[in-house]
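Report on one structure; see the data block that follows.
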Amino acid sequence: MAITVLVPTALRAFTDQKSEVAVEGNTVASAIAALAEAYPDIKRHLYQDEENLRSFINVFVGDTNIKNLNGLNTALSDGSEIMLVPAIAGGCRTYV
C-alpha cells in the first residue's frame, strides 16, 4: 500500500532534501518505520527508543493528529498522507 510521508524542512537533510517520500505500510507505525529504514539517519531524530516517537514529533494523517485517532496503530489506506510536524519552540523576547 503506497503511503506518502510529508517531510518538514527541518528533517529534509536526512531524506536527501526530499519533501515527500513514498513508503509502504498499513499503519502509521509501519510507514514511519519504513521511512527510517529507507533513510537511517532520520531515525534518531524521530524515535526516543526502538518503538516510541520523540514527544515533540506530531504526526498527522490527513488533517487529523494521530493522538485523536489510534496513535501509531492508526490504520492507513492506499494513498494516505502522513505529515511529520516537529514542535518548534523559541522566539524573540521583546524588551520595553
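Here, each number is a calculation from the coordinates, and none is a lab measurement. Nothing here was measured: the structure is a model prediction, and the numbers come from that model. All Cβ positions, even for glycine, are placed from backbone atoms using ideal geometry, and neighbour counts span all protein chains on display.
Points to keep in mind about this one:
- Distances between placed amide hydrogens fall under 5 Å for Leu53 paired with Gln48, all partners being 5 or more residues away or on another chain.
- The stretch 2-86: C-alpha gyration tensor shape, a/c 1.5 cut-off, then a/b vs b/c: rounded
- In this simple spin-label model, placing a label point 7 Å from the Cα along the Cα-to-Cβ direction at both Ala38 and Val85 gives a separation of 2.2 nm.
- Using θ = phi - 60° in the Karplus curve 6.51 cos²θ - 1.76 cosθ + 1.60, the 3J(HN,Hα) couplings for the stretch 52-59 round to 10, 5, 4, 5, 8, 8, 9, 10 Hz; x is entered for Gly and Pro.
- Computed label-point distance, nm, for sites Ala22 and Tyr47 using a 7 Å Cα→Cβ extension: 2.5 nm
- When each of the peptides 64-76, 46-58, 30-42 is scored by how many other beta carbons lie within 10 Å of its residues on average, the order from highest to lowest is 30-42, 64-76, 46-58.
- For Val7, distant residues with modelled amide H under 5 Å away: Glu20, Val21
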